[in-house]
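Have a look at the structure below, then the notes.
The values are calculated or read from the model by the stated rules, or taken from the named source; none is laboratory data. Note that the structure is predicted; figures quoted are calculated from it, not measured. Don't worry about glycine lacking a Cβ; one is built from the backbone with ideal geometry, like all the others, and counts go over all protein chains shown. Only protein heavy atoms, including side chains, enter the accessible area calculation; ligands, DNA and RNA are left aside. Shrake-Rupley method; radii C 1.70, N 1.55, O 1.52, S 1.80 Å.
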Amino acid sequence: MILPDFVQRDVALDRLNTFALSARAAWFADVAEPAQLVALTRAPGWRKLRRFVLGGGSNLLLTGDFDGLMLHVCIPGRKLIAEEADAWMVRAGAGENWHEFVRWTLEQGWPGLENLSLIPGTVGAAPIQNIGAYGLEVAERFQHLEALDLATGETVLFDRAACQFGYRDSVFKRAAAGQYLISAVTFRLPKRWRPVTRYADVAQELTALGITHPTATDVSDAVSAIRRRKLPDPAQLGNAGSFFKNPVVDAATFRRFIARYPDAPHYPQPDGAVKLAAGWLIERCGWKGRNLGSAGVYEQQALVLVNRGGACGEEVLRLARAIQDSVQTTFAVALEPEPVVL
Ligand code: EPU
């Protein structure tokens, strides 16, 4: 196969996934501008080549070597592209680091993304799983995104409706999975801003700091402090954030569940279904702080699986399956993994 010069052979992925799992890619390319993808689509053999789009590697479980081309998105740039009566429109390259981008918007005086501070990963990955934390999902600040069609190299625009956002979900995890490389995202940041402090953790953190009228930066600092306490820093302990989604059960299942476990945290959804706290279910099954081989369950937050050092992806998967079995047997609730398993 003849691929452009910027494609490298046999590249280690260990430092490119926050779980710090060992794996190699047969081919690898840093994609810093859309023209590179256009060049790739013209290469003979392109259509048959397996490919995978890699952002910050913070929502990824590598279970072995990848026998294809890993496209590492490094597209830079951040800019105010329009100012409307009620909003700032800010566009960022998909390769920008998410948290640095959030802090930059706050420095510019454009609030709105502060509740999503310190989430690992890149701007381009944010809409794929509709990242969310502390009362806000990225969908609420989203205007549109530009995506490169991996078959043709053409740029396609997706507005909010086209993205089909859901809880940790979008069209890019379903019908459009594997078909696009997101190259840039435009956010709509509100001029009439009010802090989102309805999450008890955030409200308590601000109260403890003596802040009654928080700025967006205060909220960002509070969220960052909570995350640093509850979630392991991937630079010190390999992990991919929450390993499971919080399960959403129908009203009848919920009634049976809550009759038996009246103290379980739960969050009613607009459609009558109820979201349960996976971390609570896992902790109640006795998994918090436990290890299986070199894979473990984080001591401060049972929803986070960690690499205690030298774990392989299969080991993490084995632990995940054991947890799923326990929760299914004990509570009759199915847990679904959040990271992409490759
Ligand atoms: N809980 C336990 N034991 C645990 C963990 C949690 O009993 O080990 C209980 C807590 O006491 C609380 C409830 O479960 O009553 C919910 O816990 P928490 O507020 O910590 O949030 P979460 O539901 O575990 C979700 C997101 C996080 C996000 C936080 C804050 C998912 C899968 N996870 O976690 O997102 O930061 O809310 O908004 O929705 C991620 O997706 O990677 C992630 C870290």
- Message: Which condition from (1) in contact with an Asp or Glu (Cβ under 6 Å, 6 or more places away or on another chain); (2) closer than 20 Å to Ala87 by Cα; (3) assigned to a loop (DSSP other than H, G, I, E, B) is the one that His144 breaks?
- Response: (3)
- Query: Any idea which residue in region 147-171 is surrounded by the fewest Cβ atoms within 10 Å (Cβ to Cβ), counting only those that are assigned to a helix (DSSP H, G or I) and more than 18 Å from the chain's Cα centre (by Cα)?
  - Reply: Ala161
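Can you find, within region 107-126, the residue that is surrounded by the most Cβ atoms within 10 Å (Cβ to Cβ) among those that are part of a loop (DSSP other than H, G, I, E, B) and away from the ligand (no atom under 12 Å from the Cβ)?
Step one: filter region 107-126 for residues part of a loop (DSSP other than H, G, I, E, B), giving 109-113, 117-121, 123-126.
Subset that is away from the ligand (no atom under 12 Å from the Cβ): 109-113, 123-124.
Details: Gly109: 11, Trp110: 21, Pro111: 21, Gly112: 23, Leu113: 26, Val123: 30, Gly124: 27.
My answer is Val123.
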- Message: Just to be sure before I move on: is Gln328 within 12 Å of the ligand (Cβ to nearest atom) and open to solvent by 70 Å² or more (accessible area, probe 1.4 Å) in the structure I sent?
- Response: no
- If we keep only residues of region 50-73 that are farther than 17 Å from Glu33 by Cβ and either β-branched (Val, Ile, Thr) or without any contact (Cβ under 8 Å) to a residue 40 or more places away in the chain (or both), then the residue surrounded by the most Cβ atoms within 10 Å (Cβ to Cβ) is Thr63
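For region 74-102, give me each residue that is open to solvent by 20 Å² or more (accessible area, probe 1.4 Å) and touching a Ser or Thr at 6+ places or on another chain (Cβ under 7 Å).
Start the filter on region 74-102 by keeping residues that are open to solvent by 20 Å² or more (accessible area, probe 1.4 Å), which leaves 74, 76-86, 88, 91, 95-97, 99-100.
Listed by number, the residues that qualify are Ile81, Arg91, Gly95, Glu96, Asn97, His99.
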- Which of the residues belonging to region 25-49 are surrounded by 20 or more Cβ atoms within 10 Å (Cβ to Cβ) and either within 16 Å of the ligand (Cβ to nearest atom) or assigned to a strand (DSSP E or B) (or both)? Ala25, Trp27, Phe28, Ala29, Val31
- Cross-chain or 6+ apart pairs with Cβ under 9 Å, region 127-146 first and open to solvent by 10 Å² or more (accessible area, probe 1.4 Å) and of a type in the set (D, E, K, R), then assigned to a helix (DSSP H, G or I) and more than 14 Å from the ligand (Cβ to nearest atom): Glu146/Pro34
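Based on what the data block shows, is Arg188 over 28 Å from Leu69 (Cα atoms), away from the ligand (no atom under 15 Å from the Cβ), without any contact (Cβ under 8 Å) to a residue 60 or more places away in the chain and open to solvent by 40 Å² or more (accessible area, probe 1.4 Å)? Before the answer, list the steps.
Numbers: over 28 Å from Leu69 (Cα atoms): yes; away from the ligand (no atom under 15 Å from the Cβ): yes; without any contact (Cβ under 8 Å) to a residue 60 or more places away in the chain: no; open to solvent by 40 Å² or more (accessible area, probe 1.4 Å): yes.
Considered against the rule, which asks whether it is over 28 Å from Leu69 (Cα atoms), away from the ligand (no atom under 15 Å from the Cβ), without any contact (Cβ under 8 Å) to a residue 60 or more places away in the chain and open to solvent by 40 Å² or more (accessible area, probe 1.4 Å), Arg188 comes out as no.
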- Task: For region 308-322, indicate whether the set of residues that are open to solvent by less than 30 Å² (accessible area, probe 1.4 Å), more than 17 Å from Ser22 (Cα to Cα) and near the ligand (Cβ under 8 Å from one of its atoms) is non-empty.
- Result: no
- Task: Kindly establish whether Gly289 is open to solvent by less than 40 Å² (accessible area, probe 1.4 Å), within 10 Å of the ligand (Cβ to nearest atom) and assigned to a loop (DSSP other than H, G, I, E, B).
- Result: yes
- So Val274 fits all but one of (1) within 16 Å of the ligand (Cβ to nearest atom); (2) touching a helix residue (DSSP H, G or I) at 6+ places or on another chain (Cβ under 7 Å); (3) within 21 Å of Asn239 (Cβ to Cβ); what number is the exception? (3)
- For Leu206, which of the numbered conditions (1) within 16 Å of the ligand (Cβ to nearest atom); (2) open to solvent by 40 Å² or more (accessible area, probe 1.4 Å) fails to hold? (2)
- Query: Which of the following residues is among the polar types (S, T, N, Q), open to solvent by less than 40 Å² (accessible area, probe 1.4 Å) and not in a strand (DSSP E or B): Ser224, Ser183?
  - Reply: Ser224
